[in-house]
Amino acid sequence: GSGDEKLDKAINRLKSRVQSMVVKIESQLEDVESKIGDKLHLLDKDMDGVVTVEEVAASLRTILKRDLTEEQARAIAADMDQNEDGVLTVKELAMWAEINKVIKLMEEGRDAEVDRLLIEKAEKLKALEDENYPEETLAEVKKEKANKS
């Protein structure tokens, strides 16, 4: 130890708190992963832990209550794969679903809901920017950008 009994006790208490926090976080992560995994296995036909465009195309043909051709199903699945690597991440699937939710609402003429969704997105983005750039640094960032141009 450090030779200071109070300091050693405080350090040990802190270590124990951090360890219990890590255990809680790990258990929460496992819970989320298992919930996502439970759903993704429906798409991951060969159970290799990776969801490919082909697997999603095959799932779309069975899940959707429409007669999709192989080409149509592949086109939809490829549209989900934003970085075009042939593999779909949870983030890519979520973004695709969100974008298509907005399109569907617009097609149905539900403009108020579209507006609400867009306002929510803008507020989340603003909150993230505020988190990443507190006011004083935001002014500095803007000044730097102005000086570069």
Worksheet item: For the pair residue 19 and residue 112, how long in nm is the line joining their label points, each one 7 Å along Cα→Cβ?
Response: 5.6
Response to the item:
Mean accessible area per residue over region 1-130 (1.4 angstrom probe, all protein chains present, square angstrom) is 78
Worksheet entry | Inter-label distance, nm, simple model (7 Å from Cα along the C-beta direction), residue 48/residue 101 | 3.1
Worksheet entry | Area accessible to solvent at residue 110, 1.4 Å probe radius, in Å² | 90
Worksheet item: Picking from 47, 3, 99, whose Cα lies most toward the positive end of the charge dipole for region 1-118 (charges on Cβ: Lys, Arg +1; Asp, Glu -1)?
Response: 3
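Subtracting the Cα-Cα distance from 0.36 nm times the residue separation, let me have the gained length for residue 90 to residue 147 in nm, one decimal.
On the way: separation 57, 0.36 × 57 = 20.52 nm, distance 3.91 nm.
So the chain would gain 16.6 nm between residue 90 and residue 147.
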Item to complete: Quick one: accessible surface of residue 8, probe radius 1.4 Å, all protein chains present, in square angstrom to the nearest 10.
Response: 40
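The values are calculated or read from the model by the stated rules, or taken from the named source; none is laboratory data. A quick note: this is a predicted structure, and the numbers were derived from the prediction, not measured. As a convention, Cβ positions derive from the backbone with ideal geometry for all residues, glycine included, and neighbour counts pool all protein chains shown. Calculation scope for accessible area: heavy atoms of the full protein, side chains included, ligands and nucleic acids excluded. Shrake-Rupley method; radii C 1.70, N 1.55, O 1.52, S 1.80 Å.
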